[in-house]
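One structure is given below, encoded as structure tokens.
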There are 2 protein chains.
Amino acid sequence: MLREAPRSESQLEHLAREAQALPTSELVYLVETRPATEAAMLFRVLGKGTALAVFETLPAPHQAELISALRTPQVAELIGDLDPDDRASLFDELPAAVAERLMHGLDADERAMTTAVLGYPRHAIGRYMSPEVLTLSPSMSVRDAREHVREHAEDAETIYLLPVVDGSRVLLGVVGLRRLLLAEEDALVGDLAHEAVRSQATDDREDAARRFFAAKLLAMPIVDGEERLVGILTVDDAIEILERENHEDSARTSGSEPLPRSYLSTPILRVVRSRIVWLLVLAISAILTVQVLEIFEDRLEQVVILALFIPLLTGTGGNTGNQAATTVTRALAVGEVRVRDLPRVVWRELRVGAVLGTVLGALGFMVSGLVYGLAIGTVMGLTLLSICTMAAIVGGLMPLVAKKVGADPAVFSNPFISTFCDATGLIIYFTIATVVLGL
Amino acid sequence: MLREAPRSESQLEHLAREAQALPTSELVYLVETRPATEAAMLFRVLGKGTALAVFETLPAPHQAELISALRTPQVAELIGDLDPDDRASLFDELPAAVAERLMHGLDADERAMTTAVLGYPRHAIGRYMSPEVLTLSPSMSVRDAREHVREHAEDAETIYLLPVVDGSRVLLGVVGLRRLLLAEEDALVGDLAHEAVRSQATDDREDAARRFFAAKLLAMPIVDGEERLVGILTVDDAIEILERENHEDSARTSGSEPLPRSYLSTPILRVVRSRIVWLLVLAISAILTVQVLEIFEDRLEQVVILALFIPLLTGTGGNTGNQAATTVTRALAVGEVRVRDLPRVVWRELRVGAVLGTVLGALGFMVSGLVYGLAIGTVMGLTLLSICTMAAIVGGLMPLVAKKVGADPAVFSNPFISTFCDATGLIIYFTIATVVLGL
């Protein structure tokens with residue numbers, strides 16, 4: 001295995017020699033996991049084609065770092081070869097001065113397209129589209145259309161879906177290339193075109209991507225407020241969006257922010273930053289549990305044994321809540337559940353929680369009953385039953401509430417639910433204990 | 001909002017009328033969230049085109065249920081119109097007898113293709129490919145190839161990527177349709193073809209899908225052990241796989257199994273089944289925490305106050321561990337981290353955990369120190385520092401270990417880490433307390 005950070009020339013030469021032989025995926029892995037300076041070195045020794053392939057695969061912040069480290073003519077070339085949409089996200093990450101300089105390195109069209117894409121807000125689908133669209137006019141004959149496609153295929157992002165626009169670029173419909181090839185030579189494009197699944201450039205990227213996949217498209221036209229065609233979204237862009245959203249959600253459900261670049265190459269303090277805020281928020285809200293326990297401190301002094309079950313009970317509550325939250329969060333994301341289904345969700349989780357609670361409660365009653373006597377057994381049984389039911393409902397509810405108030409359901413979910421269920425669970429636990437044990 | 005289960009005719013007629021007007025997405029939502037019998041009713045009133053569109057979008061188990069509920073000539077037609085790969089996953093879910101009957105309803109080719117797909121193991125990519133491939137031979141001229149494509153475009157799954165095969169169907173390479181349209185009429189297909197990114201039909205579906213996206217393909221040839229072409233994987237199939245894997249992972253990281261069908265339409269007991277096993281396993285392993293606390297019971301009797309911080313400490317440990325686990329699990333999935341990086345991961349998490357622990361520890365020391373005095377403050381400070389460090393390492397380690405032993409990293413992660421960190425954290429806590437408070 002390569003050492004953490006080979007410094008001396010010989011090691012770098014070795015790295016370079018090694019690199020020549022490796023497949024792109026391996027190179028990406030290396031560039032991503034080496035310190036920037038070293039990655040740059042490694043990068044210089046790659047052939048132009050390979051270099052571009054590797055560069056395109058890197059996340060934008062990582063590209064930016066590499067650019068700053070490279071400072072070679074190679075850079076201008078790389079930038080020129082990128083798709084406008086990828087270039088836009090890269091420029092976002094670069095220091096304004098550098099972006100400025102590179103922008104001027106581009107030829108007029110490329111520059112125009114890049115600025116166009118850069119014009120849209122960060123999470124808008126306009127940021128991910130390609131402005132290089134090959135369009136047809138409805139009056140074209142199929143023969144001419146085929147010719148037109150053949151002539152312009154080189155510089156279009158895709159030729160497999162062809163938007164049909166009128167004189168003022170208003171989107172009239174789309175024609176699939178397959179359709180165009182099968183049609184009669186004299187037929188008119190206008191007659192072949194069918195209604196297009198489209199998105200507005202300002203639409204949220206995730207919604208647009210989901211619509212893209214739901215319709216099983218290979219490309220989706222992007223229009224402005226006046227239905228004028230401004231670009232086209234291709235499969236790879238849509239997939240990139242989906243992946244980012246999944247990354248974001250999985251990070252947030254565990255109470256951390258997604259890392260801007262590959263894990264191994266992210267500076268330690270950057271990783272800390274992605275976690276510390278959430279951890280503090282959660283720790284502070286966990287003070288609630290301390291206060292709850294303080295209320296019952298005298299009960300604890302009377303029956304210290306009650307303390308033994310605290311982690312088991314809070315843990316079980318948290319798990320039940322998270323199971324429900326994760327299911328509902330996903331159901332929301334894929335549209336299986338709408339906010340208006342809230343009552344149904346609660347009713348389902350109430351029943352599910354009750355069943356789960358009955359099973360665990362029965363088990364808890366028997367086990368702890370055998371070891372610590374009937375009274376404690378009863379307390380445990382009833383507590384598990386109540387906690388599971390409560391936790392399932394809370395878990396099912398939270399994502400819907402978050403969505404309702406316009407927050408990311410993933411954010412509100414798991415860690416918060418655990419903390420909330422901890423506090424509530426403890427109240428339930430000690431209330432039941434007080435009654436059953438007659439404290 | 002529609003009632004949970006409208007029963008009377010009038011309501012169903014109403015539902016039907018409503019349905020006519022709705023977009024496909026809405027219909028899918030309705031069919032998914034109504035009881036099967038009702039969904040079937042609703043389904044019957046749809047036009048053939050709409051019906052197929054809706055049907056294709058449903059998850060296989062749901063399709064199966066619908067089929068069993070329908071029993072109309074409509075069914076045979078529906079089955080006939082499905083792609084062989086979708087049909088295969090449907091047949092998996094149907095009772096053997098029904099599948100048998102439907103299989104015989106198909107014409108020879110369709111039947112042959114379906115059985116071919118059904119021949120591969122459940123998670124193999126062969127299950128998701130389409131056997132309907134349009135191929136070219138290397139000796140064809142571009143002119144003939146274009147003609148060939150035009151003739152057979154109708155019944156091919158895709159024409160945008162054309163595999164080139166020799167007499168015995170061995171895959172020689174691929175030609176993109178764009179390339180074919182741009183080439184000279186007299187050029188030979190063999191000269192245009194380039195090396196194909198391919199998968200073996202028996203490859204794991206996720207690996208294949210990731211390779212697909214990494215190479216930004218529109219389609220990927222699938223070959224057998226002898227490199228003979230057996231089918232082609234299209235974007236929509238690859239996306240479906242990605243979505244399923246994400247679903248599975250998100251479910252498992254919360255300690256539950258993914259639901260086979262839409263949340264609202266899954267029977268309560270089926271939901272319970274997807275959660276109960278994990279919940280039991282976790283609850284039982286949580287008995288560990290009870291035993292740990294028993295060891296320190298006398299300490300607790302002496303200083304009951306120590307009990308107050310148990311949920312806060314275990315909670316914080318769990319959160320820190322989950323943050324690390326989620327980051328590493330994802331890094332593994334997208335290939336940013338390999339098992340061989342284990343030492344680097346541990347070293348990173350050790351440092352991250354230490355920093356997080358220092359911040360939280362300092363805070364804990366001040367707050368609890370002010371409220372409960374210097375001694376308790378010191379205990380809390382040191383405990384938080386140690387727990388965060390421990391939890392981060394464990395969280396980073398677990399997914400790698402899981403991967404190493406060939407288990408799904410997602411399964412081993414979050415809930416288990418919480419439980420493990422709870423027990424370990426308590427030991428740390430009381431050990432520190434014993435020393436500092438001189439118990």
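The values are calculated or read from the model by the stated rules, or taken from the named source; none is laboratory data. Here the structure is a predicted model, which means the values were calculated and not measured. Because the Cβ atoms are built from the backbone with ideal geometry, glycine has one as well, and the counts that use them run over all protein chains shown. The area values use the complete protein model at the heavy-atom level, side chains included, leaving out ligands, DNA and RNA. Shrake-Rupley method; radii C 1.70, N 1.55, O 1.52, S 1.80 Å.
The listed residues are B:ALA53, B:ALA19, B:ALA40, and the only one of them that is open to solvent by less than 10 Å² (accessible area, probe 1.4 Å) and modelled with pLDDT of 75 or more turns out to be B:ALA40. Filtering segment B:192-219 to residues that are touching a residue at least 40 places away in the same chain (Cβ under 8 Å), charged (D, E, K, R) and more than 14 Å from chain A (Cβ to nearest Cβ) leaves B:ASP203, B:ASP204, B:ARG205. Facing chain A (nearest Cβ under 7 Å) and within 19 Å of B:ILE428 (Cβ to Cβ), is that true of B:LEU279? Taking the combined requirement at face value, the residue does not satisfy it.
What about A:VAL164, is it open to solvent by 30 Å² or more (accessible area, probe 1.4 Å) and among the β-branched types (Val, Ile, Thr)? Spelling it out, it is not the case that A:VAL164 is open to solvent by 30 Å² or more (accessible area, probe 1.4 Å) and among the β-branched types (Val, Ile, Thr).
If only residues of segment A:255-276 that are aliphatic (A, V, I, L, M) and part of a helix (DSSP H, G or I) are counted, the one that is modelled with the lowest pLDDT is A:LEU264.
Scanning segment B:347-358 for residues that are within 23 Å of B:ALA307 (Cα to Cα) and open to solvent by 20 Å² or more (accessible area, probe 1.4 Å) yields a single hit, B:THR358. Screening segment A:56-168 for helices (runs of 4 or more DSSP H) wholly inside it with 3 or more residues that are touching a Phe, Trp or Tyr at 6+ places or on another chain (Cβ under 9 Å) returns the ranges A:60-70, A:73-81, A:84-93, A:96-105, A:108-118.
Listed here are the residues, each with its yes/no results for (1) in a helix (DSSP H, G or I); (2) crowded, with 22+ Cβ neighbours inside 10 Å; (3) in contact with a Gly (Cβ under 7 Å, 6 or more places away or on another chain).
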| site | (1), (2), (3) |
| --- | --- |
| A:SER368 | yes, yes, yes |
| A:VAL371 | yes, no, no |
| A:THR383 | yes, yes, no |
| A:ILE387 | yes, yes, yes |
| A:ILE393 | yes, yes, yes |
| A:MET398 | yes, yes, no |
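Taking segment A:288-305 as the range and being over 42 Å from the mean Cα position of the chain (by Cα) and not acidic (Asp, Glu) as the test, the residues that pass are A:PHE296, A:ARG299, A:LEU300, A:GLN302, A:VAL303, A:VAL304, A:ILE305.
One residue alone among A:LEU162, A:LEU172, A:LEU136, A:LEU181 is within 14 Å of chain B (Cβ to nearest Cβ) and at pLDDT 90 or above, and that residue is A:LEU162. Residue count for segment A:185-240, restricted to those that are open to solvent by 20 Å² or more (accessible area, probe 1.4 Å) and outside any helix (DSSP H, G or I): 23.
Scoring B:ARG122 on the criteria (1) out of contact with any helix residue (DSSP H, G or I) (no Cβ under 7 Å at 6 or more places or on another chain); (2) at pLDDT 75 or above; (3) closer than 22 Å to B:LEU171 by Cα leaves a single failure, condition (3). The numbered conditions (1) surrounded by fewer than 21 Cβ atoms within 10 Å (Cβ to Cβ); (2) within 24 Å of B:PHE416 (Cα to Cα); (3) among the small types (Gly, Ala, Ser) are all true for A:GLY321 except (1). Scoring A:ARG261 on the criteria (1) among the basic types (Lys, Arg); (2) more than 7 Å from chain B (Cβ to nearest Cβ); (3) open to solvent by 30 Å² or more (accessible area, probe 1.4 Å) leaves a single failure, condition (3).
Condition check ((1) under 30 Å from B:ILE376 (Cβ atoms); (2) among the small types (Gly, Ala, Ser); (3) open to solvent by less than 40 Å² (accessible area, probe 1.4 Å)) across all residues:
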residue: B:VAL272; (1), (2), (3): no, no, yes
residue: B:VAL281; (1), (2), (3): no, no, no
residue: B:ILE284; (1), (2), (3): no, no, no
residue: B:THR289; (1), (2), (3): yes, no, yes
residue: B:ASP298; (1), (2), (3): yes, no, no
residue: B:VAL303; (1), (2), (3): yes, no, yes
residue: B:ILE310; (1), (2), (3): yes, no, yes
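Considered as a group, the residues in segment B:329-344 that are facing chain A (nearest Cβ under 7 Å) and hydrophobic (A, V, I, L, M, F, W, C) include one that is nearest to A:ARG252 (Cα to Cα), and that residue is B:ALA331.
On inspection, B:GLY373 does not qualify as within 8 Å of chain A (Cβ to nearest Cβ), of a type outside the set (A, V, I, L, M) and at positive phi.
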